[in-house]
Amino acid sequence: MLLNEIRFLAPEIVLLAIALILVLADLFVRRKVLLVVISLFGLVVAAGLSVMLWGKAPASIFYQVLWVDPFAVFFKLLFLSIAGLVVLFSQDYVSKFERFQGEYYALVLIAAAGMMLLAAAADLIAIYVALELSSISLYALVAFLKDEKSSEAGLKYLLLGGVASAVLLYGMALVFGLSGTTKLAAIAQSAGVLSTGGLAQNPALLIGMVLLAAGFGFKIASFPFHMWVPDVYEGAPTPITAFLSVASKAAGFAIILRVFSVVFGSTAWLGANWGLLFAVLSALTMTIGNIIALLQTNIKRLLGYSSIAQAGYLMVGLATVGVATGGDKVVQSGLLFFLMSYTVTNLGAFGAVIAISNKVGSDQIDDYTGMGRRAPVLALALTLCLVSLIGLPPTAGLIAKIYIFNGAVQHGLLWLVVVAVINSCISAYYYLKVVRVMWLGAPASSESVPSSWALRAALLLCCLFVLLLGIVPGSFVRLAELAARTLGF
């Protein structure tokens, strides 16, 4: 039976096998572009195997340790797409660590495999193992440049990540102590029979829930667990900053949605309490992220604080899932659609930043002056992505915010939507500041800004989907709805 279930892990097995092949091939291959081909081949094969799982009936495998359902497959495909785009964006950056390209691509694939397992995890132990598989790979990638800033960023990320893991483990231990099991479905049954008098009569459950939220909050960079973001984003290789900003965040929201919907969403009173918890964190996260972003002069730090604010918007969806009775699938699908939109938008922004910063040799916003004349295509792509992050038409960001905010209003969270709209207006200032510098400033040089075919192709894909999700979102909305339908089956 177990051997028969291994086929459901085929995408992850392929990625891990390709990672091993990359490390070995790097010893013998002189043309390093072959490593890119091998990486992309592995990602395409894994994506094909994941698509084959889409039509399967939802099932639990390995004694209910993992779930195979459209929700897990949705995130598998999302992580594979992100990894593929990061590999393409890296072609303009890998010259900075030319001797270690095999290890670099291998770690990206291993991190993606860990995130894929995390989205499918149905057991607390499996969640922790998958989380550490992805996290340890990311610790190494952040410090990959081996210079002062990169090493400092890697060390900070490692130390703070270790603290977050300890907090998460303590929360898991409390939940296990209350329920006597590590299986999410069984924990949900135990939580459902607890006193309905509220969390005050169940202090251990309250503490466990808060500690789980804190541990996962580090992953999504929510307040007050966001301190690592600016320094890590600034010091890490820019493609890895992009990877962290979207893949790590998507993995965090996937497992939060899985755990809190299944375990703590089993009864209305529990859902209302964790929904309120995330509503408060959402308001604080988006406000602090946007206010501090106003002061930034470094584009990577600005996008770092921007990602904190975007986490706050996404948490509006989490809060709505909590307060919605009966596990509203429309609300859950809104969160998944927002993740799709944010992924292509933020990756596109970082793709343009990689090309421009490589040429000017700086991440300072002032050094982007006049890029509209020097590199009009790159400047246009960055402008489109920044407009989408604000939430203006005709981009994906507008539809995503309407989708998620509409659900919040319908479930009594109007105050949170008002806070989010005010924060969106605040964010327009620092996003449009970058646009103004690029298009209205006088260029310091008339020299063009070159970029590789791989980066241009990846950037084109991102911009295309930013527009498609904004203009014809119907198919993508249905995809998100199908993925959310079986959550917690």
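The values are calculated or read from the model by the stated rules, or taken from the named source; none is laboratory data. Because the structure is predicted, anything quoted here is derived from the model rather than measured. Heads up, the Cβs are rebuilt from the backbone with ideal geometry, glycines too, and the neighbour counts pull from every protein chain shown.
Looking at 487, 482, can you tell me which residue is assigned to a helix (DSSP H, G or I), modelled with pLDDT under 90, buried (at least 16 other Cβ atoms within 10 Å of the Cβ) and not small (Gly, Ala, Ser)?
Numbers: 487 fails: assigned to a helix (DSSP H, G or I).
482 is the lone residue from the list that is assigned to a helix (DSSP H, G or I), modelled with pLDDT under 90, buried (at least 16 other Cβ atoms within 10 Å of the Cβ) and not small (Gly, Ala, Ser).
Would you confirm, using the coordinates I've provided, whether residue 120 is in contact with a strand residue (DSSP E or B) (Cβ under 6 Å, 6 or more places away or on another chain) and buried (at least 24 other Cβ atoms within 10 Å of the Cβ)? Spell out the reasoning first.
Values: in contact with a strand residue (DSSP E or B) (Cβ under 6 Å, 6 or more places away or on another chain): yes; buried (at least 24 other Cβ atoms within 10 Å of the Cβ): yes.
Answer is yes for this residue.
Residue by residue through segment 455-473, note down the ones that are assigned to a loop (DSSP other than H, G, I, E, B) and either free of Cβ contacts under 8 Å to residues at least 60 places away in the same chain or polar (S, T, N, Q) (or both). Quick ask: steps written out before the conclusion?
Taking segment 455-473 as the starting set, the residues that turn out to be assigned to a loop (DSSP other than H, G, I, E, B) are 472-473.
Selection gives 472 alone.
In this structure, does residue 22 turn out to be in contact (Cβ under 8 Å) with a residue 12 or more places away in the chain and out of contact with any helix residue (DSSP H, G or I) (no Cβ under 6 Å at 6 or more places or on another chain)? Quick ask: steps written out before the conclusion?
Numbers: in contact (Cβ under 8 Å) with a residue 12 or more places away in the chain: yes; out of contact with any helix residue (DSSP H, G or I) (no Cβ under 6 Å at 6 or more places or on another chain): no.
Answer is no for this residue.
Filter segment 282-310 down to residues that are in a helix (DSSP H, G or I) and among the hydroxyl-bearing types (Ser, Thr, Tyr) and give me whichever is farthest from residue 246 (Cα to Cα). First the steps, then the outcome.
Filtering segment 282-310 for residues in a helix (DSSP H, G or I) gives 282-293, 299-310.
Narrowing the set further to residues that are among the hydroxyl-bearing types (Ser, Thr, Tyr) leaves 282, 285, 287, 305-307.
Values: 282: 18, 285: 17, 287: 20, 305: 13, 306: 12, 307: 8 Å.
The qualifying residue farthest from residue 246 (Cα to Cα) is 287.
Quick one: which residue in 60, 39, 95 is among the hydroxyl-bearing types (Ser, Thr, Tyr) and under 19 Å from residue 485 (Cα atoms)? Talk me through it step by step, then tell me what you get.
Values: 39 fails: under 19 Å from residue 485 (Cα atoms); 95 fails: under 19 Å from residue 485 (Cα atoms).
After ruling out the rest, the residue left standing is 60.
Check segment 331-343 and report whether any residue there is more than 19 Å from residue 468 (Cβ to Cβ) and over 17 Å from the mean Cα position of the chain (by Cα). Break it down stepwise before answering.
Restricting attention to segment 331-343, the residues satisfying the condition of being more than 19 Å from residue 468 (Cβ to Cβ) are 331-332, 335.
From what is left, the residues that are over 17 Å from the mean Cα position of the chain (by Cα) are 331.
Scanning segment 331-343, I find at least one residue that is more than 19 Å from residue 468 (Cβ to Cβ) and over 17 Å from the mean Cα position of the chain (by Cα), so the answer is yes.
Among the candidates 186, 191, 164, 200, which residue alone is at pLDDT 85 or above, part of a helix (DSSP H, G or I) and of a type in the set (Gly, Ala, Ser)? Steps first, please.
On the way: 186 fails: at pLDDT 85 or above; 191 fails: at pLDDT 85 or above; 200 fails: at pLDDT 85 or above.
Unique residue meeting the criteria: 164.
Can you tell me which residue in segment 125-153 is surrounded by the fewest Cβ atoms within 10 Å (Cβ to Cβ), limited to those that are aliphatic (A, V, I, L, M) and closer than 23 Å to residue 301 by Cβ? Give the derivation first.
The initial filter retains those residues of segment 125-153 that are aliphatic (A, V, I, L, M), namely 125-127, 129-131, 133, 136, 138, 140-143, 145, 153.
Among the residues that remain, those that are also closer than 23 Å to residue 301 by Cβ are: 138, 140-143, 145, 153.
Working: 138: 27, 140: 16, 141: 26, 142: 28, 143: 24, 145: 20, 153: 26.
Looking at the filtered set, the residue picked out is 140.
Within segment 17-67, take every residue that is farther than 30 Å from residue 181 by Cβ and among the charged types (D, E, K, R) and give me the one that is farthest from the chain's Cα centre (by Cα). Outline the logic, then answer.
Filtering segment 17-67 down to residues farther than 30 Å from residue 181 by Cβ leaves 17-49, 51-52, 55.
After this cut, where a residue has to be among the charged types (D, E, K, R) as well, the list is 26, 30-32.
Working: 26: 29, 30: 34, 31: 32, 32: 28 Å.
Among residues in segment 17-67 that are farther than 30 Å from residue 181 by Cβ and among the charged types (D, E, K, R), the one farthest from the chain's Cα centre (by Cα) is 30.
For segment 341-450, list the helices (runs of 4 or more DSSP H) that sit wholly inside it and hold at least 3 residues that are modelled with pLDDT of 90 or more; which are they?
Working: elements: 371-374, 376-390, 396-410, 414-440.
Where helices (runs of 4 or more DSSP H) fall fully within segment 341-450 and carry at least 3 residues being modelled with pLDDT of 90 or more, they are 376-390, 396-410, 414-440.
I'm trying to understand the selection: among the residues of segment 1-55, which are charged (D, E, K, R) and either over 17 Å from residue 107 (Cβ atoms) or part of a loop (DSSP other than H, G, I, E, B) (or both)? Before the answer, list the steps.
We begin by selecting, within segment 1-55, every residue charged (D, E, K, R); these are 5, 7, 12, 26, 30-32.
Once the filter is applied, which keeps residues that are charged (D, E, K, R) and either over 17 Å from residue 107 (Cβ atoms) or part of a loop (DSSP other than H, G, I, E, B) (or both), segment 1-55 yields 5, 7, 26, 30, 31, 32.
With within 21 Å of residue 229 (Cβ to Cβ), part of a helix (DSSP H, G or I) and in contact with a helix residue (DSSP H, G or I) (Cβ under 6 Å, 6 or more places away or on another chain) as the only criterion, which of 317, 275 stands out? Working first, answer last.
Working: 275 fails: within 21 Å of residue 229 (Cβ to Cβ).
When all the criteria are applied, what remains is 317.
Which numbered condition trips up residue 436, out of (1) in contact (Cβ under 8 Å) with a residue 24 or more places away in the chain; (2) farther than 22 Å from residue 85 by Cβ?
(1) is the only condition that residue 436 fails.
Any residue in segment 270-292 that is surrounded by 24 or more Cβ atoms within 10 Å (Cβ to Cβ), over 26 Å from residue 119 (Cβ atoms) and at pLDDT 90 or above?
yes
Within the bounds of segment 61-80, is there any residue that is out of contact with any helix residue (DSSP H, G or I) (no Cβ under 7 Å at 6 or more places or on another chain), modelled with pLDDT under 90 and closer than 20 Å to residue 104 by Cα?
Step one: list which residues in segment 61-80 are out of contact with any helix residue (DSSP H, G or I) (no Cβ under 7 Å at 6 or more places or on another chain), which gives 63, 69.
Narrowing further to those that are modelled with pLDDT under 90: 63, 69.
Next cut, closer than 20 Å to residue 104 by Cα only: none.
No, there is no match, as no residue in segment 61-80 is out of contact with any helix residue (DSSP H, G or I) (no Cβ under 7 Å at 6 or more places or on another chain), modelled with pLDDT under 90 and closer than 20 Å to residue 104 by Cα.
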